[in-house]
Amino acid sequence: MAVNKAFKASICSASEYKCVICLQLLIEPVVLPCKHEMCKPCFRKNVEEANFVCPMCRKRIASWARKCIREGTLVDQNRWNLIQKLFPKKCLKRLQGDDDDSEDEVMYPLGSDG
Ligand SMILES: [Zn+2]
Ligand SMILES: [Zn+2]
């Protein structure tokens with residue numbers, strides 16, 4: 001059986017660019033040495049404040065993180081540019097603080113006689 005493995009469709013799925021913390025589209029992605037990636041705001045909250053330990057695999061990344069912060073290379077710019085190209089609308093929404101997954105929920109007033 002000859003299966004052509006080389007033929008692989010490139011799928012632009014938002015799930016490939018998901019933050020491991022907030023499970024939403026990565027904005028300003030920070031890629032840790034252990035290959036876990038998360039948005040910069042999530043990094044600040046979950047890694048910086050946790051003494052630079054990866055929240056997923058508990059790897060210590062203190063020296064790496066300090067170096068990146070000093071050099072201003074914390075955000076993976078190539079990846080960030082790519083994500084913005086692929087999902088411009090989603091990025092805008094995330095940056096504006098909108099929850100992309102939220103649906104318009106209508107509150108129905110309950111009958112309150114009694
Ligand atoms: Zn996040
Ligand atoms: Zn990790």
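Cross-link check: pairs Lys35/Lys90; Lys45/Lys89; Lys45/Lys67; Lys18/Lys85 evaluated at a Cα-Cα cut-off of 21 Å; pairs beyond the cut-off: Lys35/Lys90; Lys45/Lys89.
Rounded, prolate or oblate: pick one for segment 16-96, where a ≥ b ≥ c are the square roots of the eigenvalues of its C-alpha gyration tensor, a/c under 1.5 means rounded, and failing that, prolate if a/b is larger than b/c, else oblate. Prolate, since a/c reaches 1.5 and a/b exceeds b/c. In sequence order, segment 76-90 has phi-based couplings of 6, 4, 4, 5, 4, 4, 4, 4, 5, 6, 6, 10, x, 5, 4 Hz under the Karplus curve 6.51 cos²θ - 1.76 cosθ + 1.60, θ = phi - 60°, and Gly or Pro positions carry x.
Throughout, read-outs are computed from the coordinates displayed, never taken from laboratory work. Quick caveat, the model's predicted, so the values are computed rather than measured.
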